[in-house]
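Beneath this line is the structure, given in C-alpha cells, with notes to follow.
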Amino acid sequence: MECTPVRNLKLDSKDREALKTIRKAQRNGKMLEVVLPAGVMASIFLGNNRAEAAFNIKSTDWVRFAKSMQAIGPMVRKTLIKVARMQLLRDELSPKQRQFWKKIENGCEGVRQ
C-alpha cells in the first residue's frame, strides 16, 4: 500500500486515544532498546572485580540477548497492527478514517495531513 497522506482527515476522540496507545508502544519499545543492554552490562560489570566480570561475560547467554533485542521491533509492530485493526472494527468511521487506519495497519507512518 502506498503511504500517501490522507488529506482533510478528521480524527475523533477514539482515534486520538488509539494514537496515544500507539505512541506509548513506540516509546516503550525505544526505552526497552536502551534499558535491556544497559541492564545486561550492569549485571556483568557493576560491583564486580575483573575475574567476576570475565566469568559473567562468558556465562551470559548472548544468543538469548540478541533474540530479545531483535524481538522488540516486531512486538511494537504487532501492537500497532492490533490497535489499527480494532479501530477498523468501528462502525462509525468515515471513509477517510478507515483509509487512515488501513494505512497504519499496513505499516505507514505519518499519513495524516
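Determine the gain in length on full extension of the stretch Ala38-Ile72; use 0.36 nm per residue of separation and subtract their C-alpha separation, reporting nm with one decimal.
Details: separation 34, 0.36 × 34 = 12.24 nm, distance 1.51 nm.
In short, 10.7 nm is gained.
Can you give me the solvent accessible area of Leu46 with a 1.4 Å probe, rounded to the nearest 10 Å²?
130 Å²
Given H placed 1.01 Å from N in the peptide plane, which residues other than close sequence neighbours of Val6 have an amide H under 5 Å from its amide H?
Result for Val6 returns Arg112, Gln113.
Loop only by DSSP, 13 or fewer other Cβ within 10 Å of the Cβ. Give me the GluC sites (Glu not before Pro) in region 7-113 that pass, ordered by residue number.
Hits after loop and neighbour filter: Glu92, Glu109.
Between Lys24 and Leu89, what length comes free when the chain is fully extended (0.36 nm per residue of separation minus the Cα-Cα distance, one decimal in nm)?
Computed gain between Lys24 and Leu89 is 21.3 nm.
Just from its helices, what would the mean residue ellipticity at 222 nm be for the chain, if runs of 4 or more DSSP H residues each count -39500 (n - 2.57) and the sum is divided by every residue, rounded to the nearest 500 deg cm²/dmol?
Dividing the helical sum by the residues of the chain leaves -24500 deg cm²/dmol.
Quick one: how many Å² of Lys14 are accessible to a 1.4 Å probe, rounded to 10?
Answer for Lys14: close to 110 Å² accessible.
Computed from these coordinates, which is P(r) over Cα pairs in 5 Å bins from 0, in percent: (1) 2, 11, 17, 16, 12, 9, 8, 7, 6, 5, 4, 2, 1; (2) 2, 13, 26, 28, 22, 8, 1; (3) 2, 11, 19, 20, 15, 12, 8, 5, 4, 2, 1, 0?
From the options (1) 2, 11, 17, 16, 12, 9, 8, 7, 6, 5, 4, 2, 1; (2) 2, 13, 26, 28, 22, 8, 1; (3) 2, 11, 19, 20, 15, 12, 8, 5, 4, 2, 1, 0, the structure gives (1).
Points 7 angstrom from Cα along the Cβ direction at Phe65 and Arg16: gap in nanometres?
Using points 7 Å along Cα→Cβ, the separation is 4.4 nm.
Could you pull out the chymotrypsin sites (Phe, Trp or Tyr not before Pro) across region 24-78 that fall in loop regions by DSSP (anything but H, G, I, E, B) with no more than 10 other Cβ atoms inside 10 Å?
Within region 24-78, no chymotrypsin sites (Phe, Trp or Tyr not before Pro) qualify (loop, at most 10 other Cβ atoms within 10 Å).
As a quick test, which of the pairs Lys30/Lys102; Lys24/Lys96; Lys14/Lys67; Lys30/Lys58; Lys58/Lys82 have an alpha carbon distance above 29 angstrom in this structure?
Long pairs (Cα-Cα over 29 Å): Lys14/Lys67; Lys58/Lys82.
Considering every pair of different Cα atoms, what Kirkwood radius, in Å, is found for region 1-61?
Final number for the Kirkwood radius of region 1-61 is 15.5 Å.
The values are calculated or read from the model by the stated rules, or taken from the named source; none is laboratory data. Just so we're clear, the structure is a prediction, and the values are computed from it rather than from any experiment. Counting neighbours? That spans all protein chains shown, and the Cβs are built from the backbone with ideal geometry, glycine included. Accessible surface is based on the protein model in full, side chains and every heavy atom, while ligands, DNA and RNA are left aside. Shrake-Rupley method; radii C 1.70, N 1.55, O 1.52, S 1.80 Å.
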